[in-house]
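I have placed the structure first, in the form of structure tokens, so that the comments after it can refer back to it.
The values are calculated or read from the model by the stated rules, or taken from the named source; none is laboratory data. All values derive from a computational prediction rather than experimental measurement. Cβ placement follows ideal geometry from the backbone for every residue including glycine, while neighbour counts extend to all protein chains displayed.
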Amino acid sequence: MGNEPEEAQMEAALDETEEGLSEDICEFIEDHIQENLPESLQESSPLLQEARQGVRRRIQRPSVSARLEVQNPEESIWARALGRFQVILQSLQQRCWDALTWLREKAVTFLEAICSVVKAVLGVLTDFCSSVGQLFGNLIQV
């Protein structure tokens with residue numbers, strides 16, 4: 001194989017780059033939320049906190065696929081570094097898609113629960129209005 005210390009340095013640098021990119025993505029999401037969400041919702045919603053933590057966990061999970069690939073001993077260290085970096089970027093992209101899918105599922109579940117509550121309240125209001133209508137109808141007939 002190639003120069004072991006050089007390859008170890010490359011691996012360490014790529015690991016650090018991957019961690020840095022993951023953290024930068026999470027910070028970008030946090031900044032975007034801070035800039036675009038009303039302040040009243042940012043601090044008070046436990047659901048929002050859960051969603052933030054869930055997205056962060058999904059984006060920051062470690063990538064293992066880059067280390068599992070078989071290396072070609074004839075390939076230069078720079079070609080391997082480029083290949084590994086491409087795998088890291090693909091992994092980050094997949095993690096972002098996974099986080100987005102998870103977030104969509106959470107949002108759907110949350111909205112379905114809200115719809116269910118609103119339907120129940122609507123049913124109670126409809127029954128109440130019907131009862132009040134019948135009461136007034138009876139009072140008018142008397």
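Summary table
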| read-out | value |
| --- | --- |
| Per-region count, segment 108-142, residues under 21 Å from LEU48 (Cα atoms) and of a type in the set (Gly, Ala, Ser) | 2 |
| Test: TRP97 is assigned to a helix (DSSP H, G or I), at pLDDT below 90 and among the aromatic types (Phe, Trp, Tyr) | no |
| Meets criteria (aliphatic (A, V, I, L, M) and either at pLDDT 85 or above or within 24 Å of ALA107 (Cβ to Cβ) (or both)) for ALA66 | no |
| Qualifying residue in segment 110-124 (condition: farther than 30 Å from GLU19 by Cα, modelled with pLDDT under 90 and either not charged (D, E, K, R) or not in a helix (DSSP H, G or I) (or both)) | yes |
| Lone unmet requirement of (1) surrounded by 12 or more Cβ atoms within 10 Å (Cβ to Cβ); (2) at pLDDT below 90 for LEU92 | (2) |
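This table checks each residue for (1) at pLDDT 85 or above; (2) part of a helix (DSSP H, G or I); (3) in contact with a Pro (Cβ under 8 Å, 6 or more places away or on another chain).
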| residue | (1), (2), (3) |
| --- | --- |
| LEU41 | no, yes, no |
| ARG52 | no, yes, no |
| GLU75 | no, no, no |
| ILE88 | yes, yes, no |
